[in-house]
Amino acid sequence: MRLERLDFPGSEGQRLAALLDLPLDGRPVAYALFAHCFTCSKHLKAAHHLCRALTREGIAVLRFDFTGLGESGGDFAATSFLSNVEDVKAAARFLEAAYEGPRLLVGHSWGGAAVLQAAPAVPSCRAVATLAAPFDPRDVFRLLGPAAAAIAARGEAEVTIGGRPFRLRRKFVEDLARLDPARTIRELNRALLILHSPQDETVGIAHAARIFEAARHPKSFVALAGADHLLSDPADSRYAGAVIAAWARRYIAEEALPAEPPSPAPRPITARTGPGGLLTDIRIHRHSLIADEPVALGGTDQGPSPFDLLVASLGACTAMTLRMYADRKGWPLEAVSVRLRHKKIHAAECAECELREGFLDRIERDIELEGPLDRGQRERMLAIADRCPVHRTLTGNVVVATRLREPGGPGEADP
């Protein structure tokens, strides 16, 4: 995904730091807004994985630091739940003015409660997704312990959350007393997805049940079995992100995807890696996929390797070519299965090759044709397999023209 650093005015004029995660082609089908957990920041690893999953589906995501946290300005001690809600609204207004209003609001824990509260005031919002969110933000009093009474009595107190000290004031407590979470959720009037772990020891699963019970349809619940509250295992946050991305498209992206007119010009394909690791995002027109390498080769094995994708393209092209040929001939072909293996062999092992020294690539291709085809038809189909365009490309003369271009600048590969 592509990343832009931004800032915008918060609810009281302070500057809020943000990151805008963009799809590889820079042309989002929709925008989303992500609100982080209590005293966390936009740089939480779980937020990164969630946003990456959404951008793979063409959804741009703005994630920001609440007032007084992370890189944002302002005094955290002067904030409250309702001021956080106002920060969410300010972020939505910024997106609408600078890009497009967010159709999806996503919130983690405290941020989940904030987006539920803010959504009715965001006209562009069509769907809301919460992760490990409390039904009632007043549940935070349990985390504050004796400090809650100290704040009420003295007007201010220092609390320790996640091993870090923070100061909170009486307004924080007073704002929470004004909430009616059941009514807020009941009147949400947006599609709602609730994700929560049954093993969450910070915000128990009962909160998800109460949110689901209070909400009106359309609403969905997904159990993040085994996950902790912060989704600290990358596998959990990746899974959550993929679920949100798949669910959200039904509500926010389909109407933004008009049919593309046919174009005689080749359309660019984009591959991009981040600052570390081999995991690579690939954008092919409207389609997103990933490539990686096995763990033994330094990857994380989250996707096929580049050679896997190369060989798969030959298999797909072969099957499509045979399908079209049989249809044109009116032959009774029911299905085609193509199984391929790629390996490096010494040239001396290849009897039909002109090269006698060094190594070469060998792709073995087995084709299974299902249906009542006679012997002559099957032999003809075997010959046609070698005529598929990818086969011809791999066995023909290929020129790869490589150029350097400035990040974000125009290039000859652009449409």
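Give the percent of DSSP beta bridges with both residues in the chain that are antiparallel, rounded to the nearest 5. Bridges in the chain are about 60 percent antiparallel.
With 10 Å bins beginning at zero, the pair-distance distribution over Cα atoms of the chain amounts to 4, 18, 25, 20, 14, 10, 6, 2, 0, 0 %.
Cross-link partners for LYS45 among the lysines, with Cα-Cα distance under 28 Å and sequence neighbours closer than 8 places in the same chain left out: LYS89, LYS219.
For the stretch 306-395, the equivalent ellipsoid derived from the Cα gyration tensor has semi-axes of 28, 14, 11 Å, listed largest first. Given 0.36 nm per residue, what is the gain on full extension from MET324 to LEU297 after removing their alpha carbon distance, in nm? Stretched out fully, the MET324 to LEU297 stretch lengthens by 5.9 nm. Peptides 303-313, 35-45 ranked from most to least packed, by the mean per-residue count of other Cβ atoms within 10 Å: 35-45, 303-313. Its residue count N fixes a reference of 2.2 N^0.38 Å for the stretch 3-78, and the Cα radius of gyration divided by that reference is 1.11. Net charge in the neighbourhood of ASP374 (other residues with Cβ under 15 Å of its Cβ; Lys, Arg +1, Asp, Glu -1) is +1. Between the stretch 288-311 and the stretch 1-61, what is the C-alpha centre distance in whole Å? Taking the Cα centre of each part, the stretch 288-311 and the stretch 1-61 sit 26 Å apart. Descending by average beta-carbon neighbour count within 10 Å, the peptides 49-57, 206-214 line up as 49-57, 206-214, the highest first.
Rule-based calculations on the coordinates, nothing more; no lab input. Owing to the predicted nature of the structure, the values given are computational and were not obtained by experimental measurement. Note: ideal-geometry Cβ built from the backbone for every residue, glycine included; neighbour counts use all protein chains shown.
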